[in-house]
Amino acid sequence: MPVVGRIVGGVAPARPRPGDGAGIICENRTMTMIAVTGAFGKAGRAVVTDLLEHGYDVAATDVTGPPGSDAGLGVDLVLADLTEYGQVVEVLAGADAVVHLANIPAPGRTTAPETLNRNTTINANVFLAAARLGLRKVVWASSETTLGLPFETPPRYAPVDEAHFPVPTSTYALSKVLGEETARHVSAWSGIPFLGLRLSNIHRPEDYPAVPGYWADARSRCWNLWGYVDARDVASAFRLGLEAYTEGSQNLIIAAADTIMNRPSAELLAEVFPGVSLTREIGEFETLLAIDAARELVGYSPEHSWRDHVEEPLR
Ligand SMILES: NC(=O)c1ccc[n+]([C@@H]2O[C@H](COP(=O)([O-])OP(=O)(O)OC[C@H]3O[C@@H](n4cnc5c(N)ncnc54)[C@H](O)[C@@H]3O)[C@@H](O)[C@H]2O)c1
């Protein structure tokens, strides 16, 4: 029998049982209704599709997009602005757990202070509403940027892992660092397990034709150690995060198993970051954003690569 998490204020951590199929048994009841914030966004659409395919009910919300069934998500889209706490409580009410993706998703899209303020407000609202409503799990989008991107100061070592933190260099990255700290405390207060996924640069199949354009210059994508992640693997990471038994607030790097380049990873590192040592042997094209912890904690196993979509020319 797996260890049962402590129950605080009536909130029981999610505890999967093999073979349950759709829905996670949490103590005496099944976790089937998942709220997804940012559902109309790049990651959100993939997450909603994946959850529906795996038999979950989804409450999809976003601040933008065609409301109701016109969004084409396979489930109605409810418009709500998550900077407003009351709207957050409304859209999370009735859910068993939340996949929280809604944020300004990168630096430079709004002014730097606005990115920090808006993301921090959204994340605090969602985490506090989850605690108020007694949700059973919060799985949310943190970011690889918390690890020191764009590595104008080289990483201390490679592969970069979860311990290479916190190194925010933008207000966007800082909003995620603050989010992780907020998650840690709200999890401790409420007993709800939180999982932050430090996502690498999300690619959809339609993004792969651009990949060969990166190969001529090793510096063109060194800003995240040549990392990326397929949107479908992002979706499965969130579902696995919901289903895995975890405690407290933990944060995991989620990247593809390979880099986006067609050259060996050690060769790229030696060329662009000659002073950075490898802490262990790595596979020829292995990611330099370590996903070992995600593999171990939630069973993350990326299945998609640009290699399945791009004809690689002979070198
Ligand atoms: N795209 C990437 O490469 C990447 C990498 C690392 C982390 N992330 C994180 O993953 C998450 C999803 O990213 P994405 O690429 O799908 O971005 P996206 O912009 O496509 O989706 C984010 C969604 O959040 C919504 N949103 C923004 N402000 C809102 C508000 N006030 N209320 C309600 N909804 C709001 C937007 O309308 C949008 O649809 C974000 O948290 C982002 O920071 C993305």
| query | Within the set of pairs 6+ apart or on separate chains, which have a first residue in the range 36-54 that is away from the ligand (no atom under 13 Å from the Cβ), a second that is of a type in the set (Ser, Thr, Tyr), and C-beta atoms under 8 Å apart? | reply | Asp50/Ser236
| Residue list for the range 171-203, restricted to those being farther than 21 Å from Leu135 by Cβ and basic (Lys, Arg) | Arg198
| query | Is it fair to say Leu269 is within 18 Å of Asp161 (Cα to Cα) and either of a type in the set (Gly, Ala, Ser) or touching a Ser or Thr at 6+ places or on another chain (Cβ under 8 Å) (or both)? | reply | no
| query | Which condition breaks for Ala270 when tested against (1) over 16 Å from the mean Cα position of the chain (by Cα); (2) touching a residue at least 40 places away in the same chain (Cβ under 8 Å)? | reply | (2)
| Would it be correct to say that Ile282 is in a loop (DSSP other than H, G, I, E, B), at negative phi and surrounded by 14 or more Cβ atoms within 10 Å (Cβ to Cβ)? | yes
| field | One residue from Ala95, Ala60, Ala102, Ala106 being surrounded by fewer than 16 Cβ atoms within 10 Å (Cβ to Cβ), at pLDDT 95 or above and not in a helix (DSSP H, G or I) | value | Ala106
| In the list Thr153, Thr115, Thr171, Thr111, which residue meets the criterion of being more than 10 Å from the ligand (Cβ to nearest atom), more than 22 Å from Ala244 (Cα to Cα) and touching a residue at least 60 places away in the same chain (Cβ under 8 Å)? | Thr171
| remark: For Val75, the lone unmet condition from (1) among the aliphatic types (A, V, I, L, M); (2) in contact (Cβ under 8 Å) with a residue 40 or more places away in the chain; (3) part of a loop (DSSP other than H, G, I, E, B) is (2)
| task | Test Tyr228 against the stated conditions and say whether it is touching a helix residue (DSSP H, G or I) at 6+ places or on another chain (Cβ under 8 Å) and closer than 18 Å to Leu268 by Cβ. | result | yes
| message | I'd like the full set of residues that are near the ligand (Cβ under 10 Å from one of its atoms) and within 13 Å of Val88 (Cα to Cα), limited to the range 118-150. | response | Thr121, Ile122, Asn123, Asn125, Val126
| Unique residue being buried (at least 24 other Cβ atoms within 10 Å of the Cβ) and among the polar types (S, T, N, Q) when the list is Ser236, Ser200 | Ser200
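The values are calculated or read from the model by the stated rules, or taken from the named source; none is laboratory data. What you are looking at is a predicted structure, and each value in this text was computed from that prediction instead of being measured. Note that each Cβ is placed from the backbone with ideal geometry, even for glycine, and that neighbours are counted across all protein chains shown.
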